[in-house]
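The values are calculated or read from the model by the stated rules, or taken from the named source; none is laboratory data. As the structure is a prediction and not an experimental result, all values here were calculated from the model. Every residue, glycine as well, gets a Cβ built from its backbone with ideal geometry; the counts of neighbours run over all protein chains shown.
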Amino acid sequence: MADRAEFLEKVRHRTQRGRYKPTHAPDVAWTPKDEPPREDPRIEDPPARFLQELEALGGHGKRVTNLGEVREYVLSLARGREAKLLVRWDVPELEELGADGPLEEAGVEVAVWRGLEDFREVAGKADIGLSTAEWAIAETGTLVLEGGRGKGRSVTLLPPTYVAVVPVEKILRTVPEAIEKYAAGYAAGGAAGLPANVCLHTGPSRSGDIEMSLFVGMHGPGDVHVLLMG
Amino acid sequence: METRKPTRRRETEDRRPEGLVSPVEGFNERARRAVRDGDLHDSVELFTNKSVAGRNAVLNALPEAPGLRERAYHIKQETMANLDRYLGQMADAVEGRGGNVFFADTGEDVVRYIGDLARRKGAKVLTKSKSMATEEIELNRRLEEDYADLDLEIVETDLGEWIAQLAGDTPSHIVGPILHMNRRRIADVLSGVAGEELPPDVEALGSFARRRLREKFLTADIGITGANFGVAETGTIATVTNEGNGRLVTSVPPVHVVVMGIEKLVPRFEDLSVFVRLLARSGTGQKLTVYTNFVTGPRAPGEIDGAEEFHLILMDNGRSELLGTEFEEALYCIRCGACLNVCPVYRQTGGHAYGSTYSGPIGAVITPLLKGGKEAKDLPHASSLCGACWEACPVGIPLHDLLLKLRNKQVREGVAGKAQGLAFKGFENTMKNPALYKISGKAGRLARKPLAKAGAKDGIPKTLPGPLGAWTNGRDLPELAPKPFRELWKEGI
Ligand code: SF4
C-alpha cells in the first residue's frame, strides 16, 4: 500500500534523476502533404455534413422545421418498432414537444426520467430512448450528451432504438470545438463547468471483434436517429 | 482451428509481486510454431491489413495529423517531466468531486484494494470494460483466487475480451483481442455457454452475447474500467469503446473503479482533443470512437444513474522506473495498436508468441522494461528494426530505437537474448517473397515508392513490409538502423 506523499516523492525523484532528455521529435515521419486534404476543414453546411456523416455510420438523420414534425417522426418510429415503452429525458424541450399524450394514445407507455425507484427496470425494458443533446458535431456526426438532473445516461444507452432531437444552432463544426467548450467551462466555472459525465456519441453501437465483421447494436442502441430542428 | 497459445499461466509457480507471471520466456519457440500456423496467419493478416487500410484512409484525410502527432509527443513529454505534480493535481481534482483516490505501487496493491472494496460492498457481480492495465496484473484471476470466499463473478464486457475470458484465453492484440479466433471457434465457445448449438454467424453470435451480457450490466455491483486518458486538471477519466460497454460499466453499477496506469495522464482537458482523435484514427480507422466517454467523479446531485461511488486507482507497477531514463518514451504509448499492425514480426507471429499482455513492437519494448530484462530477453530481438512501428505510431515513439537501446542494455548487463535468425526460417522466406508480403490498395502502392529508392541505395529488399510512405509521400525514409536491414537479418540481428 502506498502512501500518497511517498508515492509522489518517488515519482518526483525519478523524473529528476535523469540526465536523459528525449530528443526524438517525431516530425520527420509525418510530413504534411502537398495534395489537397479530402476532408473539408471549413465545413460549409454543418447540418448537411452532420447528416452525411451520421448516415455513413449507419445512423438515420433528418432535418425538420418544427415540433410537429418531430412528434410525427417519433410516433411513426414507435409504431414501426412496435414499441411498448419509451423512456425520455426530463427536460423542458421534450415537455414542449408534447409527444407523451399522442404516444400514450398510440399505446406506447412513456416513462419520464424523474423520481424513478429503479432506473434499471425502466431503461432496461424500454424499446426507445428519447433525449436532446447539448451539442452536435458536424465533422463526425457526433452527439455531445451531458449527464445531469433529468438527463439519464441510460436513456441513451439501454433501449435498442435511440432518438435525439437537436436544434441546428447547436451544431458545432469540429471535435476540438466541442472539447474546447468544456475546457472553457471548467476554466470559468470549475467543477460546475464540467458535468460529471460528458459523452461524445457517434453513430450506432458496434463491434468488429468477430473476424472484423460489423455487428451493429452490440451493447448500446444499434438504431440511432437524430432530428435536426430549424 | 484454435490458435496454439502459450501454455497457461497457472503452470508458473513463481508469482512475481507485480502479477506478471505469464511465460514471456520462449518467444523464439512460440514464434516458430506461430509462423507455421496457417489459420493464425490468415486471421492476423485479415485484421492487420484491414486496420492499416482504414487507418491510412482517415489519417490521410486529416490535414493536421502530422501536427497533432507532434503535439501528442510534446504533451506526453511535458507530462512525464512533471508527473508527480500532475498526479497530485489529478488526485486533488478527483477528491474535489467526491471521488476516492488510491496510489498503488504494484498490481498486488490494486488487487487488495478492489478485493477489499468488493468485500465491504458485499459485491457479487463485477463488470469490466476492456482494460490492458488489469490484464497486465491479471486482476480477474487474482481476485478469484485470493478472494475465493467472496465467490465473485467477474465479467469482461467487451465482446472480444468476454469470448477470450470464456475460452480461458488471453488477448492477442491491444485493439482486437480475439483476432486469432475464427467464427467457428467463437461459435464453439459461445455454444458451450448457451447450452445449445449456435451457428457460426456474426448476427447470431453477437445477439447472443448482447442478451447474455445485458443481464450482467443490469445486475453488476461494481463496474471496473481502465482509462484511455486521465486529465490532471479536471480529474476526468476518458474511456473509448465502440460497443458501448465502457459507458454502460460507468453508468449502471452503483460503484465505479478505474485502474489507470500513471502514464495515462494528460495535463489539460483540451489535450483530449489531440488524443481522442489520434487514438480513434490510428487504432480503428474511425474519426471518433462511437462512445468517447468522459467521467468526472461520481454522479452529481439530482442524477439518477451514473456511479454513486467513484474510485480512482493510480497504478505504478514498474512504470516510474522508466522516468528520466533513456526508455521514458515507452510511457508515451496510447495503446492504439498501430505499431502491431505494421510490424513484420507481429504480422507473422500474432500476439501470443510474445507471451505478454503487450505484443508487437510496443510489447517488445515495454515487457522487458516492466518485467525485468532476463525473463523477456528474446523480445528486444523480435524486431527487424525496419522502423515501420515508429512511422505508424501516432505519438512518434521511436520504438526501433528503444529496441536497439534495450539490446545494448542486455549487452551491458550480460543478458544474452537469443538471436532469432534460426528460429525464423519460414518468416525469413516470407520476407524475401514479394508476393507474400503484398499490402493491398493504396497503402501498398505508396509503400513501394519511397522504399524502392531506399532499396536501390542500401540493398534493402524492395518488399519491405508495412504501409510506409502513406504519410511520407515523396520522402525517402530516414536512416533507421546503423546497418541495412538485410545485413542485420543475416547476422541474426
Ligand atoms: S507504441 Fe505508438 S503505435 Fe504502438 S500502440 Fe503505442 S501509441 Fe500505438
Name the helices (runs of 4 or more DSSP H) wholly inside the range A:1-90 in which the number of residues that are more than 14 Å from chain B (Cβ to nearest Cβ) and at pLDDT 95 or above is 1 or more.
A:46-56, A:67-80
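If I ask for residues that are over 30 Å from A:G193 (Cα atoms) and either within 16 Å of the ligand (Cβ to nearest atom) or of a type in the set (A, V, I, L, M, F, W, C) (or both), which ones from the range B:301-325 would you list?
Pass one, the range B:301-325, residues over 30 Å from A:G193 (Cα atoms): B:316-325.
Within the range B:301-325, B:R319, B:L322, B:L323 meet the criteria.
Before we move on, is B:P394 assigned to a helix (DSSP H, G or I), within 15 Å of the ligand (Cβ to nearest atom) and in the same structural domain as B:M80 (by TED's automatic domain parsing)? Explain how you work it out, then say what you get.
Numbers: assigned to a helix (DSSP H, G or I): no; within 15 Å of the ligand (Cβ to nearest atom): yes; in the same structural domain as B:M80 (by TED's automatic domain parsing): yes.
Spelling it out, it is not the case that B:P394 is assigned to a helix (DSSP H, G or I), within 15 Å of the ligand (Cβ to nearest atom) and in the same structural domain as B:M80 (by TED's automatic domain parsing).
Counting just the residues of the range B:370-415 that are of a type in the set (V, I, T) and away from every other protein chain (no Cβ under 14 Å), which one comes out farthest from B:Y358 (Cα to Cα)? Steps first, answer last, please.
So in the range B:370-415, the residues of a type in the set (V, I, T) come out as B:395, B:397, B:411, B:415.
Those still in the list that are away from every other protein chain (no Cβ under 14 Å) too: B:411, B:415.
Details: B:V411: 23, B:V415: 21 Å.
This residue is B:V411.
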Determine whether the range B:131-138 contains at least one residue that is over 22 Å from the mean Cα position of the chain (by Cα) and assigned by TED's automatic domain parsing to the domain that holds B:P254.
no
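Could you tell me which of the residues A:T132, A:T140 is among the hydroxyl-bearing types (S, T, Y), buried (at least 21 other Cβ atoms within 10 Å of the Cβ) and touching a Ser or Thr at 6+ places or on another chain (Cβ under 7 Å)? Reasoning before the result, please.
Working: A:T132 fails: touching a Ser or Thr at 6+ places or on another chain (Cβ under 7 Å).
Exactly one residue qualifies, and that residue is A:T140.
Rundown of residues vs (1) in a helix (DSSP H, G or I); (2) outside the structural domain of B:V175 (by TED's automatic domain parsing); (3) within 8 Å of the ligand (Cβ to nearest atom); (4) surrounded by fewer than 24 Cβ atoms within 10 Å (Cβ to Cβ), yes/no style:
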| site | (1), (2), (3), (4) |
| --- | --- |
| B:C336 | no, no, yes, no |
| B:C339 | yes, no, yes, no |
| B:Y346 | yes, no, no, no |
| B:G363 | yes, no, no, no |
| B:T367 | yes, no, no, no |
Within the range A:200-214, does at least one residue satisfy the condition of being more than 26 Å from B:E303 (Cβ to Cβ), in a helix (DSSP H, G or I) and in contact with a strand residue (DSSP E or B) (Cβ under 8 Å, 6 or more places away or on another chain)?
no
Selected residue [out of contact with any Asp or Glu (no Cβ under 9 Å at 6 or more places or on another chain), within 14 Å of another protein chain (Cβ to nearest Cβ), without any contact (Cβ under 8 Å) to a residue 60 or more places away in the chain and surrounded by fewer than 22 Cβ atoms within 10 Å (Cβ to Cβ)] from A:E121, A:E104, A:E95, A:E109:
A:E121
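Can B:K287 be described as basic (K, R) and at the interface with another protein chain (Cβ under 7 Å from one of its Cβ atoms)?
yes
Residues to consider are B:P298, B:P267; find the one that is facing chain A (nearest Cβ under 9 Å) and either within 16 Å of the ligand (Cβ to nearest atom) or on the phi < 0 side of the Ramachandran plot (or both). Please lay out each step first, then the result.
Details: B:P267 fails: facing chain A (nearest Cβ under 9 Å).
After applying the criteria, what remains is B:P298.
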Residue among A:A178, A:A187, A:A196 that alone is over 30 Å from B:H180 (Cα atoms), among the aliphatic types (A, V, I, L, M) and within 7 Å of chain B (Cβ to nearest Cβ)
A:A196
Single condition B:T106 does not satisfy, out of (1) more than 10 Å from chain A (Cβ to nearest Cβ); (2) at pLDDT 95 or above:
(1)
